[in-house]
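Working notes, beginning with the structure itself.
Just so it is clear, none of the values below were taken in a lab; they were calculated from the coordinates. Source: prediction; values computed, not measured. No Cβ is skipped: glycine too gets one built from the backbone with ideal geometry, and neighbour counts run over all protein chains shown.
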Amino acid sequence: MDIHTHEESVTMIHVSCAVCRHEVPVDEAINAEASDYVAHFCGLECYQRWLTLSHTPGDDTF
Ligand SMILES: [Zn+2]
């Protein structure tokens, strides 16, 4: 049987939020597929912000 057990030895992969650069476990991150990469977000707030920011193509200036 293949049961998922609690293993401390399992390395949790962290990704950094595309908006605030906060590091979050990849399991809890929100993923969004951009044109040629996958963006990760710490939460819905940052995801929404990224959606707004990336809504204007060609305008990458911050
Ligand atoms: Zn964030």
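Below is a table of values for the structure above.
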| quantity | calculated |
| --- | --- |
| Those residues of segment 31-55 which are outside any loop (DSSP other than H, G, I, E, B), near the ligand (Cβ under 9 Å from one of its atoms) and of a type in the set (A, V, I, L, M, F, W, C), in sequence order | F41, C46, W50 |
| Selection from segment 35-46 of residues that are under 8 Å from the mean Cα position of the chain (by Cα) and under 8 Å from V19 (Cα atoms) | F41 |
| Residue ID - surrounded by the most Cβ atoms within 10 Å (Cβ to Cβ), chosen from residues in segment 8-29 that are more than 9 Å from the ligand (Cβ to nearest atom) and assigned to a strand (DSSP E or B) | V15 |
